[in-house]
Amino acid sequence: MLKLKSLDLKTEKVPTLIIPVCEDERIHDNKSLIPLIEKALALSEFKGESDDEVVFYSPPGTAAERVVLMGLGKREKLEAESFRKLCGKAVKQAIKKDLKDILFAVPADGKTGLDFADLLKAMLEGACLGNHIFDRYKEEKKKKPLETIGFQVDPDIAGAHAALPEKVAAACKGTLLARDWVTLPANDKRPEMYADSLKQEAEAAGLSVTVLDEAALAEKGFGAMLAVARGSEAKPRLVIMEYRTEGAEKTIALVGKGVTFDTGGLNLKISGSMADMKTDMAGSAAVAGALIAAAGLKPHCNVIGLLPLVENMPSGTAIRPGDIIRSYSGKTVEIGNTDAEGRLILIDALAYAVDTYQPDTIIDLATLTGACLMALGEKFAAVFSRDDALAEAIVAAGVRTHERCWRMPLPEDYKELLKSEFADISNMPSTRWGGAITAALFLSEFVKDARWAHIDTAGPVYDKKGNAYSPPGGTGFGVRLICDLLDRL
Ligand code: BES
Ligand code: ZN
Ligand code: ZN
(Lines give C-alpha, C1' and ligand atoms only; values in the text may rest on other atoms or scores of the structure.)
(Ligands and ions follow the chains in the order given, each with its own letter.)
Protein backbone atom coordinates (compact mmCIF):
# COMPACT_ATOMS: atom_id res chain seq x y z
CA MET A 1 0.00 0.00 0.00
CA LEU A 2 2.88 2.43 0.79
CA LYS A 3 5.21 2.79 -2.19
CA LEU A 4 8.28 4.87 -2.95
CA LYS A 5 8.16 6.20 -6.51
CA SER A 6 10.43 8.20 -8.74
CA LEU A 7 8.14 9.29 -11.55
CA ASP A 8 8.64 11.90 -14.23
CA LEU A 9 5.85 14.19 -13.05
CA LYS A 10 5.75 16.01 -16.39
CA THR A 11 4.65 12.96 -18.30
CA GLU A 12 3.40 10.28 -15.92
CA LYS A 13 -0.30 10.26 -15.23
CA VAL A 14 -0.93 10.80 -11.53
CA PRO A 15 -4.51 11.07 -10.27
CA THR A 16 -3.78 13.19 -7.18
CA LEU A 17 -0.50 14.80 -6.21
CA ILE A 18 -0.02 16.32 -2.75
CA ILE A 19 2.70 18.94 -2.30
CA PRO A 20 3.69 20.08 1.21
CA VAL A 21 4.74 23.75 1.09
CA CYS A 22 6.45 26.04 3.61
CA GLU A 23 5.48 29.68 3.81
CA ASP A 24 8.98 31.11 3.80
CA GLU A 25 11.35 28.68 2.09
CA ARG A 26 11.21 26.27 -0.84
CA ILE A 27 11.63 22.68 0.33
CA HIS A 28 11.27 21.02 -3.09
CA ASP A 29 13.75 21.01 -5.94
CA ASN A 30 11.78 18.96 -8.49
CA LYS A 31 11.54 21.10 -11.65
CA SER A 32 7.93 20.14 -12.35
CA LEU A 33 6.81 21.28 -8.91
CA ILE A 34 8.48 24.67 -8.59
CA PRO A 35 6.19 26.62 -11.00
CA LEU A 36 3.11 25.19 -9.26
CA ILE A 37 4.37 26.17 -5.84
CA GLU A 38 5.16 29.72 -7.03
CA LYS A 39 1.74 29.97 -8.63
CA ALA A 40 0.00 28.87 -5.44
CA LEU A 41 1.99 31.24 -3.23
CA ALA A 42 1.09 34.12 -5.54
CA LEU A 43 -2.59 33.58 -4.69
CA SER A 44 -4.15 35.62 -1.91
CA GLU A 45 -5.78 32.53 -0.39
CA PHE A 46 -2.61 30.47 0.00
CA LYS A 47 0.36 31.52 2.10
CA GLY A 48 1.83 28.10 2.95
CA GLU A 49 0.73 28.58 6.55
CA SER A 50 -0.24 25.38 8.32
CA ASP A 51 -3.77 24.36 7.33
CA ASP A 52 -3.65 26.50 4.15
CA GLU A 53 -4.70 24.52 1.12
CA VAL A 54 -5.31 25.04 -2.57
CA VAL A 55 -6.24 22.63 -5.36
CA PHE A 56 -5.29 22.93 -9.03
CA TYR A 57 -7.00 20.69 -11.58
CA SER A 58 -4.90 19.48 -14.51
CA PRO A 59 -2.35 22.27 -14.17
CA PRO A 60 0.10 22.79 -17.05
CA GLY A 61 3.58 21.33 -16.57
CA THR A 62 2.44 18.06 -14.96
CA ALA A 63 0.29 15.15 -16.04
CA ALA A 64 -1.50 15.16 -12.66
CA GLU A 65 -5.29 15.35 -12.66
CA ARG A 66 -5.40 17.11 -9.34
CA VAL A 67 -2.65 18.85 -7.40
CA VAL A 68 -3.21 19.74 -3.75
CA LEU A 69 -0.77 22.17 -2.13
CA MET A 70 -0.82 21.98 1.66
CA GLY A 71 0.80 24.49 3.99
CA LEU A 72 3.31 23.55 6.68
CA GLY A 73 4.06 26.98 8.18
CA LYS A 74 7.57 28.30 8.73
CA ARG A 75 10.53 26.12 7.86
CA GLU A 76 12.40 26.69 11.12
CA LYS A 77 9.39 25.33 13.03
CA LEU A 78 9.19 22.08 11.04
CA GLU A 79 9.26 18.83 12.97
CA ALA A 80 8.75 15.24 11.86
CA GLU A 81 5.31 15.58 13.45
CA SER A 82 4.40 18.41 11.01
CA PHE A 83 4.75 15.88 8.19
CA ARG A 84 2.97 13.09 10.05
CA LYS A 85 0.02 15.42 10.53
CA LEU A 86 -0.01 16.78 7.00
CA CYS A 87 0.02 13.30 5.47
CA GLY A 88 -2.64 11.99 7.84
CA LYS A 89 -4.86 14.90 7.01
CA ALA A 90 -4.32 14.55 3.27
CA VAL A 91 -5.20 10.85 3.39
CA LYS A 92 -8.35 11.49 5.42
CA GLN A 93 -9.49 14.12 2.93
CA ALA A 94 -8.76 11.82 0.02
CA ILE A 95 -10.87 9.09 1.64
CA LYS A 96 -13.71 11.58 2.04
CA LYS A 97 -13.49 12.38 -1.65
CA ASP A 98 -13.60 8.66 -2.55
CA LEU A 99 -10.14 8.72 -4.12
CA LYS A 100 -8.18 5.46 -4.47
CA ASP A 101 -4.65 6.52 -5.11
CA ILE A 102 -2.59 9.55 -4.11
CA LEU A 103 1.04 10.57 -4.46
CA PHE A 104 2.95 12.73 -1.98
CA ALA A 105 5.81 14.88 -3.21
CA VAL A 106 8.50 14.27 -0.59
CA PRO A 107 10.64 17.38 0.04
CA ALA A 108 14.23 17.24 -1.16
CA ASP A 109 17.02 15.92 1.05
CA GLY A 110 18.64 18.76 3.00
CA LYS A 111 15.88 21.32 2.47
CA THR A 112 13.68 20.85 5.52
CA GLY A 113 16.30 20.85 8.27
CA LEU A 114 15.21 17.31 9.16
CA ASP A 115 17.14 14.14 8.54
CA PHE A 116 15.74 12.72 5.31
CA ALA A 117 15.01 9.24 6.71
CA ASP A 118 13.14 10.81 9.65
CA LEU A 119 11.15 13.01 7.31
CA LEU A 120 10.21 10.16 4.99
CA LYS A 121 9.37 7.88 7.91
CA ALA A 122 7.06 10.50 9.42
CA MET A 123 5.29 10.98 6.10
CA LEU A 124 4.82 7.22 5.67
CA GLU A 125 3.51 6.92 9.23
CA GLY A 126 1.03 9.77 9.00
CA ALA A 127 -0.33 8.46 5.73
CA CYS A 128 -0.56 4.84 6.85
CA LEU A 129 -2.18 5.68 10.20
CA GLY A 130 -4.62 8.09 8.57
CA ASN A 131 -5.72 5.38 6.15
CA HIS A 132 -7.78 3.32 8.59
CA ILE A 133 -11.49 3.19 9.28
CA PHE A 134 -13.26 1.57 12.24
CA ASP A 135 -16.74 0.86 10.89
CA ARG A 136 -17.48 -2.68 12.02
CA TYR A 137 -20.61 -1.59 13.90
CA LYS A 138 -22.04 0.49 11.04
CA GLU A 139 -24.46 -1.17 8.72
CA GLU A 140 -23.56 1.08 5.88
CA LYS A 141 -19.82 1.14 5.13
CA LYS A 142 -19.62 4.57 3.62
CA LYS A 143 -15.92 5.02 3.01
CA LYS A 144 -13.01 2.86 1.94
CA PRO A 145 -9.32 3.29 2.74
CA LEU A 146 -7.03 4.29 -0.14
CA GLU A 147 -5.53 1.46 -2.17
CA THR A 148 -2.15 2.99 -2.90
CA ILE A 149 -0.22 5.83 -1.31
CA GLY A 150 2.86 6.79 -3.26
CA PHE A 151 5.82 8.88 -2.16
CA GLN A 152 7.68 10.70 -4.88
CA VAL A 153 11.39 10.56 -4.01
CA ASP A 154 14.42 11.69 -5.98
CA PRO A 155 15.72 8.56 -7.84
CA ASP A 156 19.26 9.13 -6.47
CA ILE A 157 18.17 8.54 -2.89
CA ALA A 158 15.16 6.23 -3.30
CA GLY A 159 17.36 3.10 -3.18
CA ALA A 160 18.85 3.98 0.19
CA HIS A 161 15.37 4.07 1.74
CA ALA A 162 13.79 1.18 -0.11
CA ALA A 163 13.20 -0.86 3.08
CA LEU A 164 11.43 1.94 4.94
CA PRO A 165 7.83 1.53 3.68
CA GLU A 166 7.68 -2.07 4.81
CA LYS A 167 9.12 -1.24 8.24
CA VAL A 168 6.69 1.60 8.74
CA ALA A 169 3.83 -0.61 7.60
CA ALA A 170 4.80 -3.21 10.24
CA ALA A 171 4.82 -0.68 13.09
CA CYS A 172 1.59 0.89 11.85
CA LYS A 173 -0.12 -2.49 11.57
CA GLY A 174 0.59 -3.02 15.28
CA THR A 175 -0.67 0.48 16.07
CA LEU A 176 -3.88 0.03 14.11
CA LEU A 177 -4.61 -3.32 15.77
CA ALA A 178 -4.05 -1.73 19.18
CA ARG A 179 -6.39 1.13 18.26
CA ASP A 180 -9.15 -1.22 17.21
CA TRP A 181 -8.86 -3.32 20.34
CA VAL A 182 -9.11 -0.19 22.49
CA THR A 183 -12.03 1.22 20.50
CA LEU A 184 -13.90 -2.09 20.63
CA PRO A 185 -16.73 -1.94 23.20
CA ALA A 186 -16.22 -3.90 26.42
CA ASN A 187 -19.10 -6.28 25.63
CA ASP A 188 -17.12 -7.57 22.65
CA LYS A 189 -13.77 -7.92 24.36
CA ARG A 190 -14.43 -9.71 27.62
CA PRO A 191 -11.20 -11.46 28.66
CA GLU A 192 -11.88 -14.82 27.01
CA MET A 193 -12.97 -13.27 23.70
CA TYR A 194 -10.19 -10.72 23.78
CA ALA A 195 -7.63 -13.44 24.48
CA ASP A 196 -8.87 -15.34 21.42
CA SER A 197 -8.60 -12.27 19.25
CA LEU A 198 -5.08 -11.49 20.52
CA LYS A 199 -3.97 -15.07 19.96
CA GLN A 200 -5.39 -15.16 16.47
CA GLU A 201 -3.67 -11.95 15.35
CA ALA A 202 -0.38 -12.80 17.06
CA GLU A 203 -0.22 -16.29 15.58
CA ALA A 204 -1.09 -14.98 12.13
CA ALA A 205 1.91 -12.66 12.48
CA GLY A 206 4.13 -15.67 13.30
CA LEU A 207 4.46 -15.28 17.08
CA SER A 208 4.14 -18.16 19.49
CA VAL A 209 1.28 -17.67 21.92
CA THR A 210 0.35 -19.34 25.21
CA VAL A 211 -2.90 -18.60 27.01
CA LEU A 212 -3.19 -19.47 30.70
CA ASP A 213 -6.78 -20.01 31.86
CA GLU A 214 -8.19 -19.65 35.35
CA ALA A 215 -7.14 -23.13 36.45
CA ALA A 216 -3.58 -22.63 35.23
CA LEU A 217 -3.40 -19.25 36.94
CA ALA A 218 -4.67 -20.72 40.20
CA GLU A 219 -2.18 -23.56 39.96
CA LYS A 220 0.70 -21.12 39.44
CA GLY A 221 -0.40 -18.85 42.28
CA PHE A 222 -1.62 -15.71 40.49
CA GLY A 223 -3.51 -14.68 43.61
CA ALA A 224 -3.68 -10.92 42.96
CA MET A 225 -4.91 -11.33 39.40
CA LEU A 226 -7.52 -13.90 40.41
CA ALA A 227 -8.70 -11.65 43.22
CA VAL A 228 -9.57 -8.89 40.75
CA ALA A 229 -11.19 -11.32 38.32
CA ARG A 230 -13.42 -12.86 40.97
CA GLY A 231 -16.14 -10.23 40.74
CA SER A 232 -16.91 -10.97 37.11
CA GLU A 233 -18.56 -13.89 35.36
CA ALA A 234 -15.94 -13.50 32.67
CA LYS A 235 -12.92 -15.68 33.36
CA PRO A 236 -9.41 -14.19 33.46
CA ARG A 237 -6.68 -15.03 31.00
CA LEU A 238 -2.94 -14.47 30.85
CA VAL A 239 -1.82 -14.22 27.24
CA ILE A 240 1.89 -14.68 26.61
CA MET A 241 3.33 -13.81 23.20
CA GLU A 242 6.89 -14.56 22.24
CA TYR A 243 9.08 -13.19 19.50
CA ARG A 244 12.40 -15.01 19.40
CA THR A 245 15.29 -14.49 17.09
CA GLU A 246 18.40 -16.56 16.60
CA GLY A 247 21.56 -15.24 18.21
CA ALA A 248 19.63 -12.81 20.42
CA GLU A 249 21.74 -11.55 23.31
CA LYS A 250 18.95 -9.85 25.16
CA THR A 251 15.41 -10.52 26.25
CA ILE A 252 12.93 -7.71 26.73
CA ALA A 253 9.70 -8.41 28.61
CA LEU A 254 6.67 -6.19 28.08
CA VAL A 255 3.71 -6.30 30.42
CA GLY A 256 0.42 -4.60 29.53
CA LYS A 257 -2.57 -3.89 31.78
CA GLY A 258 -5.61 -5.64 30.34
CA VAL A 259 -8.66 -4.63 32.36
CA THR A 260 -11.33 -5.02 29.70
CA PHE A 261 -13.70 -2.91 31.75
CA ASP A 262 -13.01 -1.13 35.03
CA THR A 263 -16.17 -0.42 37.01
CA GLY A 264 -14.03 0.08 40.12
CA GLY A 265 -15.45 -3.11 41.65
CA LEU A 266 -17.27 -2.67 44.98
CA ASN A 267 -15.57 0.73 45.25
CA LEU A 268 -17.73 1.55 42.26
CA LYS A 269 -16.71 4.47 40.07
CA ILE A 270 -19.17 7.31 39.66
CA SER A 271 -20.78 7.24 36.22
CA GLY A 272 -18.71 10.05 34.69
CA SER A 273 -15.44 8.34 35.47
CA MET A 274 -16.70 4.92 34.39
CA ALA A 275 -17.75 6.02 30.93
CA ASP A 276 -14.45 5.41 29.12
CA MET A 277 -13.28 2.41 31.10
CA LYS A 278 -13.40 0.11 28.08
CA THR A 279 -9.99 1.67 27.41
CA ASP A 280 -8.47 0.19 30.57
CA MET A 281 -6.90 -2.60 28.53
CA ALA A 282 -4.92 -0.21 26.34
CA GLY A 283 -1.61 -1.29 27.87
CA SER A 284 -2.25 -4.88 26.80
CA ALA A 285 -3.31 -3.73 23.33
CA ALA A 286 -0.10 -1.72 22.97
CA VAL A 287 2.03 -4.67 24.06
CA ALA A 288 0.24 -6.99 21.64
CA GLY A 289 0.60 -4.40 18.87
CA ALA A 290 4.32 -4.02 19.62
CA LEU A 291 4.85 -7.80 19.54
CA ILE A 292 2.97 -8.14 16.25
CA ALA A 293 4.98 -5.24 14.85
CA ALA A 294 8.20 -6.88 16.08
CA ALA A 295 7.32 -10.01 14.09
CA GLY A 296 7.66 -7.81 10.98
CA LEU A 297 10.46 -5.50 12.13
CA LYS A 298 12.63 -8.38 13.38
CA PRO A 299 14.65 -6.65 16.12
CA HIS A 300 17.82 -8.38 17.35
CA CYS A 301 16.47 -9.13 20.83
CA ASN A 302 13.89 -11.60 22.08
CA VAL A 303 10.64 -9.94 23.10
CA ILE A 304 8.10 -11.51 25.45
CA GLY A 305 4.68 -9.91 25.91
CA LEU A 306 2.60 -10.72 28.99
CA LEU A 307 -1.02 -9.60 29.03
CA PRO A 308 -3.08 -10.18 32.17
CA LEU A 309 -6.75 -9.86 31.18
CA VAL A 310 -9.59 -9.38 33.66
CA GLU A 311 -12.87 -7.53 34.01
CA ASN A 312 -13.25 -5.51 37.23
CA MET A 313 -16.87 -5.90 38.36
CA PRO A 314 -18.82 -5.54 41.61
CA SER A 315 -20.80 -8.62 42.64
CA GLY A 316 -21.43 -11.08 45.42
CA THR A 317 -18.16 -12.80 44.60
CA ALA A 318 -16.07 -9.65 44.26
CA ILE A 319 -13.14 -8.79 46.53
CA ARG A 320 -14.00 -6.42 49.38
CA PRO A 321 -12.10 -3.47 50.81
CA GLY A 322 -10.09 -4.87 53.68
CA ASP A 323 -9.57 -8.29 52.09
CA ILE A 324 -6.01 -9.58 52.15
CA ILE A 325 -4.76 -11.61 49.23
CA ARG A 326 -1.51 -13.44 48.43
CA SER A 327 0.16 -12.37 45.19
CA TYR A 328 2.30 -14.50 42.86
CA SER A 329 5.46 -13.18 44.56
CA GLY A 330 4.32 -14.55 47.92
CA LYS A 331 3.81 -11.07 49.37
CA THR A 332 0.37 -10.31 50.82
CA VAL A 333 -1.63 -7.26 49.76
CA GLU A 334 -4.41 -5.55 51.68
CA ILE A 335 -7.14 -4.34 49.35
CA GLY A 336 -7.62 -0.76 50.47
CA ASN A 337 -9.64 0.02 47.34
CA THR A 338 -11.00 -2.37 44.73
CA ASP A 339 -10.59 0.35 42.07
CA ALA A 340 -6.81 0.12 42.38
CA GLU A 341 -7.04 -3.17 40.45
CA GLY A 342 -4.51 -2.47 37.69
CA ARG A 343 -1.56 -2.65 40.05
CA LEU A 344 -2.84 -6.00 41.36
CA ILE A 345 -2.92 -7.75 38.02
CA LEU A 346 0.40 -6.13 37.03
CA ILE A 347 2.36 -7.31 40.08
CA ASP A 348 1.53 -10.93 39.32
CA ALA A 349 2.47 -10.59 35.65
CA LEU A 350 5.65 -8.62 36.50
CA ALA A 351 6.77 -11.09 39.18
CA TYR A 352 6.03 -14.03 36.88
CA ALA A 353 7.94 -12.41 34.00
CA VAL A 354 10.99 -11.69 36.15
CA ASP A 355 11.04 -15.25 37.56
CA THR A 356 10.30 -17.07 34.33
CA TYR A 357 12.27 -15.14 31.71
CA GLN A 358 14.98 -13.27 33.66
CA PRO A 359 14.59 -10.40 31.19
CA ASP A 360 17.41 -7.89 30.67
CA THR A 361 14.77 -5.15 30.62
CA ILE A 362 11.14 -5.22 31.66
CA ILE A 363 8.69 -2.46 30.76
CA ASP A 364 5.03 -2.26 31.69
CA LEU A 365 2.41 -0.10 30.03
CA ALA A 366 -0.78 0.63 31.92
CA THR A 367 -3.67 3.06 32.17
CA LEU A 368 -2.89 2.98 35.85
CA THR A 369 -4.00 6.22 37.50
CA GLY A 370 -6.31 9.17 37.15
CA ALA A 371 -3.57 11.06 38.98
CA CYS A 372 -1.33 10.69 35.90
CA LEU A 373 -3.97 12.48 33.83
CA MET A 374 -4.10 15.20 36.46
CA ALA A 375 -0.33 15.61 36.35
CA LEU A 376 0.40 15.45 32.63
CA GLY A 377 -2.93 15.81 30.80
CA GLU A 378 -4.13 13.74 27.89
CA LYS A 379 -1.12 13.89 25.59
CA PHE A 380 1.78 12.71 27.75
CA ALA A 381 2.55 9.40 29.39
CA ALA A 382 4.53 9.24 32.64
CA VAL A 383 7.73 7.18 32.83
CA PHE A 384 9.06 5.78 36.07
CA SER A 385 12.37 3.98 36.37
CA ARG A 386 15.32 3.77 38.74
CA ASP A 387 17.53 3.22 35.67
CA ASP A 388 18.43 6.62 34.22
CA ALA A 389 19.53 5.24 30.85
CA LEU A 390 16.29 3.32 30.42
CA ALA A 391 14.12 6.29 31.40
CA GLU A 392 16.07 8.56 29.07
CA ALA A 393 15.83 6.05 26.21
CA ILE A 394 12.05 5.95 26.61
CA VAL A 395 11.72 9.72 26.72
CA ALA A 396 13.94 10.00 23.62
CA ALA A 397 11.86 7.40 21.76
CA GLY A 398 8.82 9.47 22.71
CA VAL A 399 10.33 12.53 21.06
CA ARG A 400 11.12 10.63 17.85
CA THR A 401 7.71 8.98 17.58
CA HIS A 402 5.71 11.87 19.07
CA GLU A 403 4.36 9.41 21.62
CA ARG A 404 5.46 11.80 24.27
CA CYS A 405 6.67 10.68 27.68
CA TRP A 406 7.75 12.61 30.74
CA ARG A 407 9.90 11.18 33.50
CA MET A 408 8.57 11.20 37.05
CA PRO A 409 10.35 10.37 40.32
CA LEU A 410 10.30 7.19 42.40
CA PRO A 411 11.11 8.61 45.85
CA GLU A 412 11.98 5.90 48.39
CA ASP A 413 10.45 7.84 51.27
CA TYR A 414 6.98 7.78 49.65
CA LYS A 415 6.93 4.01 50.10
CA GLU A 416 5.68 4.44 53.63
CA LEU A 417 2.41 5.70 52.13
CA LEU A 418 1.74 2.09 51.08
CA LYS A 419 2.10 0.52 54.53
CA SER A 420 -0.57 -1.86 55.70
CA GLU A 421 -1.23 -2.70 59.33
CA PHE A 422 -1.83 -6.38 58.62
CA ALA A 423 -0.43 -7.26 55.18
CA ASP A 424 2.96 -6.73 53.52
CA ILE A 425 1.64 -3.79 51.51
CA SER A 426 -1.63 -1.93 50.76
CA ASN A 427 -2.90 -1.29 47.24
CA MET A 428 -4.32 2.04 48.43
CA PRO A 429 -1.94 4.82 49.43
CA SER A 430 -2.68 6.69 52.64
CA THR A 431 -2.87 10.00 50.76
CA ARG A 432 -4.45 10.96 47.46
CA TRP A 433 -1.54 13.20 46.51
CA GLY A 434 1.03 11.82 44.10
CA GLY A 435 -1.18 8.91 43.06
CA ALA A 436 0.76 8.11 39.88
CA ILE A 437 3.98 7.92 41.92
CA THR A 438 2.59 5.73 44.71
CA ALA A 439 1.13 3.38 42.07
CA ALA A 440 4.56 3.08 40.42
CA LEU A 441 6.21 2.52 43.80
CA PHE A 442 3.72 -0.24 44.50
CA LEU A 443 4.77 -2.01 41.27
CA SER A 444 8.45 -1.48 42.06
CA GLU A 445 8.11 -3.78 45.08
CA PHE A 446 7.48 -6.75 42.77
CA VAL A 447 10.25 -6.57 40.17
CA LYS A 448 13.17 -7.53 42.43
CA ASP A 449 16.30 -5.88 41.02
CA ALA A 450 15.32 -6.17 37.36
CA ARG A 451 15.98 -3.26 35.00
CA TRP A 452 12.41 -2.02 34.93
CA ALA A 453 10.33 0.92 33.71
CA HIS A 454 6.66 1.64 34.18
CA ILE A 455 4.79 3.80 31.66
CA ASP A 456 1.45 5.20 32.87
CA THR A 457 -0.49 5.81 29.67
CA ALA A 458 -3.82 6.85 31.22
CA GLY A 459 -3.89 10.08 29.18
CA PRO A 460 -2.81 9.43 25.59
CA VAL A 461 -4.34 6.03 24.78
CA TYR A 462 -7.72 7.45 23.82
CA ASP A 463 -8.70 10.51 21.84
CA LYS A 464 -12.40 11.29 21.84
CA LYS A 465 -12.16 13.88 19.09
CA GLY A 466 -9.44 12.32 16.99
CA ASN A 467 -6.54 14.16 15.40
CA ALA A 468 -4.76 14.49 12.07
CA TYR A 469 -3.78 10.83 11.83
CA SER A 470 -6.06 9.16 14.35
CA PRO A 471 -9.85 9.05 14.15
CA PRO A 472 -11.86 9.30 17.41
CA GLY A 473 -11.14 6.26 19.62
CA GLY A 474 -8.02 4.36 20.63
CA THR A 475 -4.75 5.96 19.50
CA GLY A 476 -2.50 2.89 19.65
CA PHE A 477 -0.18 4.88 21.91
CA GLY A 478 2.90 2.93 22.89
CA VAL A 479 3.29 0.67 19.88
CA ARG A 480 5.53 2.96 17.84
CA LEU A 481 7.29 4.01 21.05
CA ILE A 482 8.21 0.41 21.87
CA CYS A 483 9.13 -0.39 18.25
CA ASP A 484 11.51 2.56 18.27
CA LEU A 485 13.06 1.35 21.53
CA LEU A 486 13.51 -2.34 20.84
CA ASP A 487 16.76 -2.16 18.93
CA ARG A 488 18.18 0.54 21.18
CA LEU A 489 17.96 -1.14 24.58
N1 BES B 1 -8.19 2.55 35.38
C2 BES B 1 -8.05 3.46 36.45
C3 BES B 1 -7.15 4.64 36.12
C4 BES B 1 -7.67 5.60 35.09
C5 BES B 1 -8.48 6.65 35.46
C6 BES B 1 -7.31 5.47 33.77
C7 BES B 1 -8.94 7.53 34.50
C8 BES B 1 -7.77 6.35 32.80
C9 BES B 1 -8.59 7.38 33.18
C10 BES B 1 -7.47 2.75 37.67
O11 BES B 1 -7.76 1.40 37.79
C12 BES B 1 -8.01 3.43 38.88
O13 BES B 1 -9.18 3.42 39.05
N14 BES B 1 -7.12 4.01 39.68
C15 BES B 1 -7.51 4.72 40.86
C16 BES B 1 -6.54 4.35 41.96
C17 BES B 1 -6.95 4.80 43.33
C18 BES B 1 -8.21 4.08 43.78
C19 BES B 1 -5.82 4.52 44.29
C20 BES B 1 -7.45 6.21 40.55
O21 BES B 1 -6.59 6.63 39.79
O22 BES B 1 -8.30 6.93 41.06
ZN1 ZN C 1 -9.63 1.04 38.77
ZN1 ZN D 1 -8.12 0.40 35.99
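The values are calculated or read from the model by the stated rules, or taken from the named source; none is laboratory data. Everything numeric here is computed off the predicted structure, so don't read it as measured data. Cβ sites come from the backbone with ideal geometry, for glycine too, and all protein chains shown count toward neighbours. Note: accessible area is taken over every heavy atom of the protein model, side chains too, but ligands, DNA and RNA are not part of it. Shrake-Rupley method; radii C 1.70, N 1.55, O 1.52, S 1.80 Å.
Listed values, structure above:
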read-out: Any hit, region 206-217, residues being hydrophobic (A, V, I, L, M, F, W, C), part of a helix (DSSP H, G or I), open to solvent by 60 Å² or more (accessible area, probe 1.4 Å) and modelled with pLDDT of 95 or more; value: yes
read-out: Any pair with Cβ under 9 angstrom, 6 or more apart, that starts in region 319-341 at a residue that is outside the structural domain of N427 (by TED's automatic domain parsing) and ends at one that is open to solvent by 40 Å² or more (accessible area, probe 1.4 Å) and within 15 Å of ligand 1 (Cβ to nearest atom); value: none
read-out: Residue in region 192-214 that is in the same structural domain as L254 (by TED's automatic domain parsing), in contact with a Pro (Cβ under 7 Å, 6 or more places away or on another chain) and more than 17 Å from T279 (Cα to Cα) present; value: yes
read-out: Output for region 260-319, where each listed residue is assigned to a helix (DSSP H, G or I), open to solvent by less than 40 Å² (accessible area, probe 1.4 Å), away from ligand 1 (no atom under 13 Å from the Cβ) and over 26 Å from A216 (Cα atoms); value: A293, A294, A295
read-out: Count of residues meeting criterion [within 12 Å of ligand 2 (Cβ to nearest atom), acidic (D, E) and open to solvent by 10 Å² or more (accessible area, probe 1.4 Å)] in region 330-365; value: 1
read-out: Condition check for G73: within 21 Å of R400 (Cβ to Cβ), assigned to a loop (DSSP other than H, G, I, E, B) and touching a Ser or Thr at 6+ places or on another chain (Cβ under 8 Å); value: yes
read-out: Condition met for A80 (open to solvent by 10 Å² or more (accessible area, probe 1.4 Å) and touching a residue at least 40 places away in the same chain (Cβ under 8 Å)); value: yes
read-out: Qualifying positions in region 320-329 - outside any strand (DSSP E or B), more than 16 Å from ligand 2 (Cβ to nearest atom) and open to solvent by 10 Å² or more (accessible area, probe 1.4 Å); value: G322, Y328, S329
read-out: Check on V310, modelled with pLDDT of 95 or more, among the β-branched types (V, I, T), closer than 21 Å to G435 by Cα and within 13 Å of ligand 3 (Cβ to nearest atom); value: no
read-out: Among (1) surrounded by fewer than 24 Cβ atoms within 10 Å (Cβ to Cβ); (2) of a type in the set (A, V, I, L, M); (3) more than 16 Å from ligand 2 (Cβ to nearest atom) - the single one I455 does not satisfy; value: (1)
